[in-house]
1. Just to be sure I understand the filter: pairs with C-beta atoms under 9 Å, separated by 6 or more residues or on different chains, first member in segment 28-41 and closer than 16 Å to Val73 by Cβ, second member open to solvent by 20 Å² or more (accessible area, probe 1.4 Å) and of a type in the set (S, T, N, Q). Which pairs pass?
2. Going through Gly11, Gly62, Gly23 one at a time, which residue ends up being open to solvent by 40 Å² or more (accessible area, probe 1.4 Å) and within 18 Å of Leu118 (Cα to Cα)?
3. Could you tell me whether Val91 is at pLDDT 95 or above and either closer than 14 Å to Leu27 by Cβ or buried (at least 17 other Cβ atoms within 10 Å of the Cβ) (or both)?
4. Test of understanding: among Thr47, Thr55, which residue is farther than 25 Å from Pro93 by Cα, open to solvent by less than 60 Å² (accessible area, probe 1.4 Å) and of a type in the set (Val, Ile, Thr)?
5. Identify the single condition in (1) crowded, with 16+ Cβ neighbours inside 10 Å; (2) in a loop (DSSP other than H, G, I, E, B) that Gly111 does not satisfy, given that it satisfies every other one.
6. Is it true that some residue in segment 5-26 is aromatic (Phe, Trp, Tyr) and modelled with pLDDT under 95?
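The values are calculated or read from the model by the stated rules, or taken from the named source; none is laboratory data. These numbers were taken from a predicted model, which means no experiment stands behind them. So basically every Cβ, Gly included, is an ideal-geometry build from the backbone, and we count neighbours across all protein chains shown. Each accessible area value is taken on the protein alone, full model and side chains, heavy atoms only, with ligands, DNA and RNA left out. Shrake-Rupley method; radii C 1.70, N 1.55, O 1.52, S 1.80 Å.
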Amino acid sequence: MAAKDDVGRRGEQLAAELLTQEGYRVLARNWRGHDGELDLVALDGSTLVAVEVKTRSSARYGHPAEAVTPRKVARLRRLTGQWLSEHGHTVRPGFRDVRIDVVAVLLPPDGPVRAEVLRGVS
């Protein structure tokens, strides 16, 4: 397995733990749809949240969340619709809104881990 894959998996695990600590309930991890993958699907109170996790080992090329472009957000919206088509019955009527969050994780080799949740990315 490539080191990049290890960094990504570790970031997704940290993101799931952080969101759980913040009160989210993780419903799915690494769900694959027609257009790609949703890293995490969760409930935040009565809001269904599609979560994109971006993990980097440094900020050398910018903040991890900068990789979430408008094109990526459009894909996440399509994937969220696909997820709802397949699984929405399992959470209805438990949610009222849908949003996209990004968890930006920095895993420097010689420093503290930093993670930030950006809610309602559009």
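1. That search, which allows pairs on different chains as well, returns Gly33/Gln82; Asp35/Gln82; Glu37/Asn30; Leu38/Asn30; Leu38/Gln82; Asp39/Asn30; Leu40/Asn30.
2. Unique residue meeting the criteria: Gly23.
3. no
4. Result: Thr55 is the single residue among Thr47, Thr55 that is farther than 25 Å from Pro93 by Cα, open to solvent by less than 60 Å² (accessible area, probe 1.4 Å) and of a type in the set (Val, Ile, Thr).
5. Every condition holds for Gly111 apart from (1).
6. For segment 5-26, residues aromatic (Phe, Trp, Tyr) and modelled with pLDDT under 95: absent.
Each row is one residue, and each column tells you yes or no for (1) within 13 Å of Val121 (Cβ to Cβ); (2) over 11 Å from the mean Cα position of the chain (by Cα).
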residue: Val7; (1), (2): no, yes
residue: Arg10; (1), (2): no, yes
residue: Thr20; (1), (2): no, yes
residue: Glu37; (1), (2): no, no
residue: Ser58; (1), (2): no, yes
residue: Val68; (1), (2): yes, no
residue: Leu84; (1), (2): no, yes
residue: Phe95; (1), (2): no, yes
residue: Val105; (1), (2): no, no
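So that you can scan it fast, the table gives a plain yes or no per residue for (1) in contact with a Leu (Cβ under 6 Å, 6 or more places away or on another chain); (2) over 16 Å from Gly8 (Cα atoms); (3) among the basic types (Lys, Arg):
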site	(1), (2), (3)
Leu40	no, no, no
Lys72	no, yes, yes
Pro108	no, no, no
Gly120	no, yes, no
